[in-house]
1. For the range 47-97, what are Rg and Dmax over the alpha carbons, in angstrom?
2. Please give the charge dipole size of the chain, origin at the Cα centre, charges +1 on K and R Cβ atoms and -1 on D and E Cβ atoms. Round to the nearest 20 debye.
3. Mind putting together the pair-distance distribution for the range 1-83? All Cα pairs, 10 Å bins, whole percent per bin, short to long.
4. In a solvent-free Debye calculation with one equal scatterer on each Cα, what is log10 I(q)/I(0) for the range 93-180 at q = 0.21, 0.24 Å⁻¹, listed in the order of the q values?
5. Any idea what % of Cα-Cα pairs in the range 59-132 are farther than 22 Å?
6. To the nearest µm²/s, what D does Stokes-Einstein give for the chain at 37 °C and 0.692 mPa s, using the Kirkwood radius over alpha carbon pairs as Rh?
7. Say the dipole of the chain comes from +1 at the beta carbon of Lys and Arg and -1 at that of Asp and Glu; which of 164, 67, 136 then lies farthest toward its positive end?
8. Dipole magnitude of the range 64-148 about its Cα centre, charges +1 at Lys/Arg Cβ and -1 at Asp/Glu Cβ only, in debye to the nearest 20?
Amino acid sequence: MRREPFSIRAARPQDAEALAAMHVAAWRETYTGLLPARMLSNLSVESRAEAWRRIMARGKTETTVRLVECDDRVVAFGSCGPQRDEALAKRGFDGEISAIYVLRACQRLGLGRWITQDLSSRLMAGGCRAVSLWVLRENTGARAFYERLGGVVVGERVDERPDGILVELAYGWKDLPALL
């Protein structure tokens, strides 16, 4: 699909480096001041690329990864699949959007909404009826975006990592077609 000058497509294993570079850049843009500096400095394109290769190498994996490009450069991406959180699954959230990132220079152009709609349509095609996603509690911009899309907070978790602690909120949509 195209929205000039942007296009959206399925990610392929050969996209792992470009996807990883964009992912690391987006984390550093988004989370500076929200996460420990050590956590952000420890990010590496090489390790993210390896992680994305593993995800995409699973063949017909349950995870869908979509890229938004402009002039052959990855400027945004999103991923989704079946719900991974048991508690949310028990509450009827059978699908999960596992990531949505848009480079700051391309924000406020409708790309986040476009990716969300694209991922939602893919989840619906797979039989999902409700969806959730996790967002850093301190990421007020992203939280406001999800709330504008009708998301409501349905959970909270603490993710303890070697280089910092993340407190995340789950946003949910019980009516997946409403995201379209």
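The values are calculated or read from the model by the stated rules, or taken from the named source; none is laboratory data. Note that the structure is a prediction, hence the values are computed from the model and not measured. So basically every Cβ, Gly included, is an ideal-geometry build from the backbone, and we count neighbours across all protein chains shown. We work out accessible area using only protein heavy atoms, side chains counted, and drop any ligands, DNA or RNA first. Shrake-Rupley method; radii C 1.70, N 1.55, O 1.52, S 1.80 Å.
1. 13.5, 42
2. Values: 27 positive and 23 negative charges, 67 e Å.
So the dipole magnitude of the chain works out to roughly 320 debye.
3. 17, 44, 32, 6
4. -1.03, -1.24
5. Working: 713 of 2701 pairs.
Everything past 22 Å amounts to 26 percent.
6. Working: Rh = 16.7 Å.
Rounded to a whole number, D works out at 197 µm²/s.
7. Selected residue: 67.
8. Numbers: 13 positive and 10 negative charges, 52 e Å.
Around 240 debye, computed over the range 64-148.
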